[in-house]
Each structure stands twice: as structure tokens, then as C-alpha cells.
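The values are calculated or read from the model by the stated rules, or taken from the named source; none is laboratory data. Here the structure is a predicted model, which is why all the values come from computation and not from measurement. All Cβ positions, even for glycine, are placed from backbone atoms using ideal geometry, and neighbour counts span all protein chains on display.
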Amino acid sequence: MRHNLVRRLPYAPEQLFDLVGDVERYPLFIPWITSLRTWNRRGDALQTQTLDAEAQVRFSVVRERFTTRVALDRSDLRIDVALVAGPFRRLKNQWTFVPHESGGELTFDIDFEFGSRFLTNLLAANFEVAVTRLIACFEARALKLYGPRSNG
């Protein structure tokens, strides 16, 4: 399954990058992430970093754990996420952040397939809603951190 979502928000692209790149805080504002741990952080905090992250998620009766490698590229304002291990055949997503006259434009691309037909069918019916809800979690977090409008 593939999906692309674009949002224009009243925040600087750097603020959006910092928000999405703060992986350790996801359980605070994404309700279906029940736990998350990171390790193996390497690189330069001012330019590029890579880290590994393991998330435990719960959707209805489904509980799964998966591990990703997260590449944070501050110079390009891009975050790439790739599967390391978990219930997926493939999982890849990318966040990009660019300036826009109203603040910043966030683009989220995701491509994944579960290893289980049951999980694929379960999510397929509500996939677009799930992605929209995910982005809404980030929007609500930005509002809480940065207020209704930001000057960067």
C-alpha cells in the first residue's frame, strides 16, 4: 500500500523537522504507540543522524512490534524510515519539509505491506483514515509546542 499526504502548516520547516525527528516522544502524542525505544544513534546532530527505533503499537485487538532505521537529514530537511524487523514485508516512509508562504509544507510518503494477509486486509479498509489521523497527531503536537502560528 502506498499513500502520499501533503499539509501546509503555520510552522517553519525546521520546526516540523524537529517535531517529526523527535522519535522518542511519539508515545506522548500518538495514542496507538504504546512504547518506543531508540538506540544506536550516530552522526552529527547539526546535519545528519541515524538511529534505530523499536515501536510497540496497538490497533484494536492487534498488538505488534517493529524496528526501523531512521535517517534524519537536517541539511535537506528530510527524514527517511526503513524497516529493520517486524510484521511487514516492506515498510518505507519519507518526510520532507519545505518553506511555504504560510509557514512550512510537510509531505509524508509511505509504502508498506504486511507479511500477514489478515493484517493487510484489516488496515486496508481504513488506511487513508489512519494516515490522516497520524498526521493530525503531529499537527496537534505542533500546536501544543509552537502555538497557533510561529515565526520560526
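Some observations on this one:
- In segment 46-81, the residues that are small (Gly, Ala, Ser) and surrounded by 14 or more Cβ atoms within 10 Å (Cβ to Cβ): 53, 55, 71
- Residues that are more than 15 Å from residue 111 (Cβ to Cβ), touching a residue at least 24 places away in the same chain (Cβ under 8 Å) and of a type outside the set (Val, Ile, Thr) within segment 79-91 comprise just one, 87.
- Residue-level analysis places residue 113 outside the set of residues that are farther than 21 Å from residue 92 by Cα and touching a Lys or Arg at 6+ places or on another chain (Cβ under 8 Å).
Residues are listed down the side, and each one gets a yes or a no for (1) touching a Lys or Arg at 6+ places or on another chain (Cβ under 9 Å); (2) of a type in the set (A, V, I, L, M, F, W, C):
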position: 88; (1), (2): no, yes
position: 92; (1), (2): no, no
position: 100; (1), (2): yes, no
position: 104; (1), (2): yes, no
position: 129; (1), (2): no, yes
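- Whenever a residue of segment 115-131 is modelled with pLDDT of 85 or more, its partners that are part of a loop (DSSP other than H, G, I, E, B), lying with C-beta atoms within less than 6 angstrom and at least six residues away or across chains, give the pairs 115/87.
- Conditions (1) touching an Asp or Glu at 6+ places or on another chain (Cβ under 9 Å); (2) part of a helix (DSSP H, G or I); number of the one not met by residue 123: (1)
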